[in-house]
Amino acid sequence: MIVTGFFQLLGILLIIIEIIYIFYAFIIVRQVNLLNKSFMTEFSFAFTFLSYVHLLLTFVVILVSFVLLI
(Lines give C-alpha, C1' and ligand atoms only; values in the text may rest on other atoms or scores of the structure.)
Protein backbone atom coordinates (compact mmCIF):
# COMPACT_ATOMS: atom_id res chain seq x y z
CA MET A 1 0.00 0.00 0.00
CA ILE A 2 2.71 2.49 0.93
CA VAL A 3 4.78 1.65 -2.17
CA THR A 4 1.77 2.17 -4.47
CA GLY A 5 1.05 5.54 -2.85
CA PHE A 6 4.69 6.54 -3.22
CA PHE A 7 4.71 5.75 -6.94
CA GLN A 8 1.45 7.65 -7.45
CA LEU A 9 2.97 10.66 -5.71
CA LEU A 10 6.09 10.31 -7.83
CA GLY A 11 3.97 10.20 -11.00
CA ILE A 12 2.07 13.34 -10.00
CA LEU A 13 5.33 15.14 -9.23
CA LEU A 14 6.70 14.09 -12.62
CA ILE A 15 3.67 15.50 -14.40
CA ILE A 16 4.01 18.78 -12.47
CA ILE A 17 7.67 19.02 -13.51
CA GLU A 18 6.69 18.36 -17.13
CA ILE A 19 4.07 21.11 -17.00
CA ILE A 20 6.75 23.51 -15.79
CA TYR A 21 8.94 22.31 -18.69
CA ILE A 22 6.16 23.26 -21.13
CA PHE A 23 6.55 26.86 -20.01
CA TYR A 24 10.28 26.58 -20.57
CA ALA A 25 9.74 25.20 -24.09
CA PHE A 26 7.33 28.05 -24.84
CA ILE A 27 9.94 30.57 -23.68
CA ILE A 28 12.48 28.94 -26.01
CA VAL A 29 10.09 29.40 -28.97
CA ARG A 30 9.54 33.02 -28.02
CA GLN A 31 13.26 33.72 -27.63
CA VAL A 32 14.10 32.10 -30.97
CA ASN A 33 11.44 34.22 -32.70
CA LEU A 34 12.77 37.40 -31.08
CA LEU A 35 16.32 36.51 -32.03
CA ASN A 36 15.32 35.83 -35.64
CA LYS A 37 13.63 39.22 -35.85
CA SER A 38 16.72 41.04 -34.65
CA PHE A 39 19.40 38.93 -36.30
CA MET A 40 18.48 37.30 -39.62
CA THR A 41 20.58 34.37 -40.83
CA GLU A 42 20.14 31.72 -43.46
CA PHE A 43 19.37 29.22 -40.69
CA SER A 44 16.59 31.24 -39.06
CA PHE A 45 13.89 28.99 -40.53
CA ALA A 46 15.67 25.90 -39.19
CA PHE A 47 15.97 27.39 -35.71
CA THR A 48 12.29 28.37 -35.70
CA PHE A 49 11.26 24.96 -36.99
CA LEU A 50 13.34 23.14 -34.38
CA SER A 51 11.95 25.26 -31.57
CA TYR A 52 8.39 24.44 -32.63
CA VAL A 53 9.26 20.74 -32.96
CA HIS A 54 10.69 20.89 -29.43
CA LEU A 55 7.47 22.46 -28.15
CA LEU A 56 5.35 19.87 -29.95
CA LEU A 57 7.41 16.98 -28.60
CA THR A 58 7.09 18.44 -25.12
CA PHE A 59 3.31 18.31 -25.44
CA VAL A 60 3.49 14.74 -26.76
CA VAL A 61 5.69 13.59 -23.87
CA ILE A 62 3.40 15.10 -21.25
CA LEU A 63 0.34 13.59 -22.95
CA VAL A 64 1.94 10.14 -23.03
CA SER A 65 3.12 10.36 -19.44
CA PHE A 66 -0.31 11.62 -18.33
CA VAL A 67 -1.97 8.63 -19.98
CA LEU A 68 0.53 6.13 -18.58
CA LEU A 69 0.89 7.52 -15.05
CA ILE A 70 -2.66 8.49 -14.16
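The values are calculated or read from the model by the stated rules, or taken from the named source; none is laboratory data. Remember, it's a predicted structure, so these values are computed and weren't measured experimentally. For neighbour counting, all protein chains shown are included, and Cβ atoms are generated from backbone atoms with ideal geometry for every residue, glycine included. For accessibility, only protein heavy atoms count, side chains too; no ligands or nucleic acids. Shrake-Rupley method; radii C 1.70, N 1.55, O 1.52, S 1.80 Å.
Here are the numbers:
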quantity: Förster radius 22 Å - calculated FRET efficiency between F66 and F26, Cβ distance, rounded to 0.05; calculated: 0.80
quantity: Sites excluded, chymotrypsin sites (Phe, Trp or Tyr not before Pro) in DSSP loops with at most 12 other C-beta within 10 Å, longest stretch of the chain; calculated: 1-38
quantity: Estimated FRET transfer efficiency when R0 is 22 angstrom, pair I12-H54 (beta carbons, to 0.05); calculated: 0.35
quantity: Surface per residue (accessible, 1.4 Å probe) for the chain, Å²; calculated: 83 Å²
quantity: Carbon plus sulfur fraction of accessible area for the chain, probe 1.4 Å, in percent; calculated: 83 percent
quantity: Structure-derived P(r) over Cα pairs in 10 Å bins from 0, in percent - corresponding label in [x] 19, 40, 25, 14, 3; [y] 20, 35, 23, 14, 7, 2; [z] 19, 44, 20, 12, 5; calculated: [y]
quantity: Angle between the chain longest axis and helix 2-38 axis [Cα atoms, degrees, rounded to 10]; calculated: 10 degrees
